[in-house]
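**Q** Supplied in structure tokens, the structure appears directly below.
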Amino acid sequence: MEISKIYEPKKVEDRIYNLWLKSGFFNPDKLPIKKKVFSIIMPPANANGSLHLGHAVFVALQDIMIRYHRMKGDKTLWLPGADHAGFETQVVYEKKLEKEGRNRFQIPREQLWKEMWDFTQANKTIMENQLRQLGASCDWSRKKFTLDPDIISKTQDTFIQMRKQGLVYRGERLVNWCAKHQTAFSDLEIKYEERNDPLYYIKYGPIILATGRLETKFGDTAIAVHPKDKRYQKYINKEVEIETLIGKTKIKIIADEAVDPDFGTGAVKVTPAHDPTDFEIWQRHKNEIPGPIEVIDKFGRLNLLEHFPNNTEAKKYHGLKIVEARKIIAEEMEKKGLMAKIDQNYKHNVGLCYKCGNVLEPRLLPQWFIKIKPLADKAIEVVKKEKIKFIPSRFNKIYFHWMKNIHDWNISRQIVWGIQIPAWFCECGEIIIQKEKPEKCAKCSGNKIEQDTDVFDTWFSSCQWPFLALGFNKSQSSSKSKITDYETYYPTNVMETGYDILFFWVARMIMLGLYKTKKIPFKTVYLHGLVNDKDKKKMSKSKGNVIDPFGIIADYGADALRMGLIIGNTPGNDLAFSEDKIRGYRNFANKIWNASRFVLMNTKKFNPKSQPKLSNKDKKTLNDLKTFTKEITKLMEDFKFYKAAEKIYHYFWHTFCDKIIEEQKKRLSDSNKANQQNSQYLLLKILKTCLMLLHPFMPFITEEVYQNLPIKNKKKCLMNENWPKY
């Protein structure tokens, strides 16, 4: 058979993908029924923009597993999906609004939600087309979105169930607040940065104490020292008079073991409304000192007149932003002799909003929390017993450390985009947990009831993704007349994702999966690294080193990109990406094409029904190929795709092309037709085997060549060929 002289991916890839779509083989129900099942739930990409190189890595890795297991004959499902991505999407949309001269706070809630819905639906379509470009052989008939009605309903069901069982509570606690985005975050979403700031030594009566946050001093409710610090024994449990910028007052000195005697002077101010440690100190000393006084509002400005309305001095500082207030307060304290000294070299970690980079302000707010420790204990146990295995295994230790030190999870977000928390507030103070608005309050019989405007942290819905995407229902039918996807494919075999969301997502999926289904959500967690530039630096738009995977595909083809993302990409380690590397695998694709073209041109008269009589050397060559196939299969089973791809690359180029084809050229022109047929058989056998071994890695070019092979018992697609025997 004749194939074109040059391999042109642009002319091949769309046509081949349509061939796969028409075959229906992405859907496991369209293939012969198999007992062994293999399933992967695709990590739902954020429906707020184009896919990037990180997405291309997970698509390549997961598609390799899926195609391999499909060829093995397993009942194989790869379920695709997209994530509404709550806060992430709202930030992206806010930037769009800013360019249009609009402000999300001035747009009615329902209108904004509808606009963002349309925005994500358009992006979903773009993303799905990009997944096709990457060669993703997922079952599009089962695709899901985290805002599908059933996902919303079942996510709310989980919240209601956890509330009934005492695992969800509403508490007024300090949370991480972003003044720009006007929402709280969980502890995991804080980005820490080491900074060099002034440390102020201020005079509080007879005590000198150190603080980095002068602007919160108006909310101080105590001075704390360590109970064993001999310097302050005579002051413990006593009140001292102090002079402040807004007048004189009295403040109590308490002892608490949370105080570090080596920090500053060993004495610290206690500001429960603006520091997590101080809040905990206050909780232990509620009967001794006043409660929290919030002197910084939600916009990051001092709100002193709310607490000191008749204080004329307070007017000087009211409304100031934090950084501005700190500077002015320091100057005023120095003027009044209330500043002992200033250390300009105070190094400390500062919590930042991971999106805008602004300093997060602790705020005392009523929020919804999950009691996470009971869930974490069970999640630790399943990994200890190796019911779930991490690849690489070194992440076990990291996982255990984090899970043992886990804090309750704040799942409230003060944004519009997301799944509404099914909670209703009556004016009598009663909280009603249900999906629909109650007609009246059971406690007071009143009907002045309003819904909680908060939405769930997006990770709360996405951590239920494996079982919700498969249609989990508590009242699952036990009838075997209709086996559900959940019953067939859960737990899934592999969760493949980046190591950077081990705690954001993987750990939470394990916890919620065990809680809801009483089963592990997956058996293996394969963690890939981040994609950096060729100099091993993180890609960012500001650095100008971001590489568009679809520009790469346009220039070199999807197969070359996939190979470049797999070879050298060991699990758990970051990958240095360069265009030169992709160019090299484009050359490999051309090598496959040219070698295949040579074989096809020299097998035009091959009779597939002929019975070859192979020489001993031919038999050894095929036996070596079987041994090689066995080695590749073992690597695939061991998740060593980077090594399998590299070995196939070298076998095809250096063994098949450089040695075997060269050795066979003389036989192909032999006047002895039998010898010629034997050579043709040998070359076609090796080529077909190589195509099958390469197919999970380079699906487009291998499928195109396979369609032209003059062999018997050829399947409709290479995609559903049987993995080569050994």
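**Q** Tell me, yes or no, whether the stretch 474-490 has at least one residue that is touching a strand residue (DSSP E or B) at 6+ places or on another chain (Cβ under 7 Å) and crowded, with 18+ Cβ neighbours inside 10 Å.
**A** yes
**Q** Against the condition within 23 Å of residue 329 (Cβ to Cβ) and either modelled with pLDDT of 95 or more or not polar (S, T, N, Q) (or both), how does residue 253 come out, does it pass?
**A** Yes: the conditions hold for residue 253.
**Q** With the requirement that a residue be surrounded by 18 or more Cβ atoms within 10 Å (Cβ to Cβ) and either touching a Leu at 6+ places or on another chain (Cβ under 8 Å) or not hydroxyl-bearing (Ser, Thr, Tyr) (or both), what does the stretch 613-634 give you?
**A** Matches in the stretch 613-634: 618, 621, 625, 628, 629, 632.
**Q** If you check residue 704 against the conditions, is it closer than 23 Å to residue 59 by Cβ and not polar (S, T, N, Q)?
**A** Yes.
**Q** Ok, one more. Considering the stretch 521-572 alone, what residues qualify as being among the polar types (S, T, N, Q) and assigned by TED's automatic domain parsing to the domain that holds residue 491?
**A** Listed by number, the residues that qualify are 524, 532, 540, 542, 545.
**Q** Related question: Being touching a residue at least 60 places away in the same chain (Cβ under 8 Å), surrounded by 15 or more Cβ atoms within 10 Å (Cβ to Cβ) and over 22 Å from residue 265 (Cβ atoms), is that true of even one residue in the stretch 198-211?
**A** no
**Q** Taking helices (runs of 4 or more DSSP H) that do not extend beyond the stretch 548-658, which have at least 1 residues that are farther than 17 Å from residue 694 by Cβ?
**A** 549-556, 579-601, 616-637
**Q** Restricting to the stretch 157-195, name every residue that is outside any strand (DSSP E or B) and of a type in the set (Ser, Thr, Tyr).
**A** 158, 186
**Q** Continuing with this model, one more query. Residue 561: in contact with a strand residue (DSSP E or B) (Cβ under 9 Å, 6 or more places away or on another chain) and modelled with pLDDT of 95 or more, yes or no?
**A** Against the criterion (in contact with a strand residue (DSSP E or B) (Cβ under 9 Å, 6 or more places away or on another chain) and modelled with pLDDT of 95 or more), residue 561 does not qualify.
**Q** Suppose we filter the stretch 668-695 for residues that are exposed (fewer than 14 other Cβ atoms within 10 Å of the Cβ) and in a helix (DSSP H, G or I); how many remain?
**A** Summing the residues that are exposed (fewer than 14 other Cβ atoms within 10 Å of the Cβ) and in a helix (DSSP H, G or I) in the stretch 668-695 gives 2.
**Q** Among the residues of the stretch 702-714, is any of a type in the set (Lys, Arg) and at pLDDT 95 or above?
**A** no
**Q** Inside the stretch 1-111, counting only helices (runs of 4 or more DSSP H) that do not spill past its ends, which hold 3 or more residues that are free of Cβ contacts under 8 Å to residues at least 24 places away in the same chain and surrounded by fewer than 22 Cβ atoms within 10 Å (Cβ to Cβ)?
**A** By residue number, 9-23, 86-99.
**Q** Hey, does the stretch 159-178 have a residue that's of a type in the set (Gly, Ala, Ser), in contact with a Pro (Cβ under 8 Å, 6 or more places away or on another chain) and over 20 Å from residue 46 (Cα atoms)?
**A** yes
**Q** Take the stretch 290-319 and flag every residue that is in a loop (DSSP other than H, G, I, E, B) and touching a residue at least 24 places away in the same chain (Cβ under 8 Å).
**A** Those that are in a loop (DSSP other than H, G, I, E, B) and touching a residue at least 24 places away in the same chain (Cβ under 8 Å): 290, 291, 292, 293, 294, 295, 298, 299, 300, 308, 311, 317.
**Q** Only one of 616, 573, 623, 602 is polar (S, T, N, Q) and in contact with a helix residue (DSSP H, G or I) (Cβ under 7 Å, 6 or more places away or on another chain). Can you tell me which?
**A** Being polar (S, T, N, Q) and in contact with a helix residue (DSSP H, G or I) (Cβ under 7 Å, 6 or more places away or on another chain) holds for just one of 616, 573, 623, 602, which is 602.
**Q** Quick one: residue 726 ticks every box in (1) without any contact (Cβ under 8 Å) to a residue 12 or more places away in the chain; (2) under 30 Å from residue 495 (Cβ atoms); (3) outside any helix (DSSP H, G or I) bar one, so which box is it?
**A** (1)
**Q** Identify, please: which residue in the stretch 229-265 is assigned to a loop (DSSP other than H, G, I, E, B), without any contact (Cβ under 8 Å) to a residue 24 or more places away in the chain and over 21 Å from residue 290 (Cα atoms) and is, among those, nearest to the chain's Cα centre (by Cα)?
**A** If we take residues in the stretch 229-265 being assigned to a loop (DSSP other than H, G, I, E, B), without any contact (Cβ under 8 Å) to a residue 24 or more places away in the chain and over 21 Å from residue 290 (Cα atoms), then 262 is nearest to the chain's Cα centre (by Cα).
**Q** Now for a separate question. Looking at residue 39, is it within 30 Å of residue 89 (Cα to Cα), among the small types (Gly, Ala, Ser) and at pLDDT 95 or above?
**A** yes
**Q** Another one. Of all residues being out of contact with any strand residue (DSSP E or B) (no Cβ under 8 Å at 6 or more places or on another chain) and in a loop (DSSP other than H, G, I, E, B) in the stretch 266-289, which is surrounded by the most Cβ atoms within 10 Å (Cβ to Cβ)? Just the residue, please.
**A** In this case the residue turns out to be 271.
**Q** Would you say residue 131 is within 21 Å of the chain's Cα centre (by Cα), over 30 Å from residue 515 (Cα atoms) and at pLDDT 95 or above?
**A** For residue 131, the condition - within 21 Å of the chain's Cα centre (by Cα), over 30 Å from residue 515 (Cα atoms) and at pLDDT 95 or above - is met.
**Q** Only one of (1) surrounded by fewer than 14 Cβ atoms within 10 Å (Cβ to Cβ); (2) not assigned by TED's automatic domain parsing to the domain that holds residue 193 fails for residue 383. Which number is that?
**A** Among (1) surrounded by fewer than 14 Cβ atoms within 10 Å (Cβ to Cβ); (2) not assigned by TED's automatic domain parsing to the domain that holds residue 193, the lone unmet condition for residue 383 is (1).
**Q** Continuing with the same structure: Tally the residues that are buried (at least 18 other Cβ atoms within 10 Å of the Cβ) and either in contact (Cβ under 8 Å) with a residue 60 or more places away in the chain or within 20 Å of residue 697 (Cα to Cα) (or both), restricting the search to the stretch 644-667.
**A** Residues meeting the conditions: 8.
The values are calculated or read from the model by the stated rules, or taken from the named source; none is laboratory data. Computed from a predicted structure; not experimentally measured. A quick note on method: Cβ atoms are made from the backbone with ideal geometry, for glycine too, and the neighbour counts reach across all protein chains shown.
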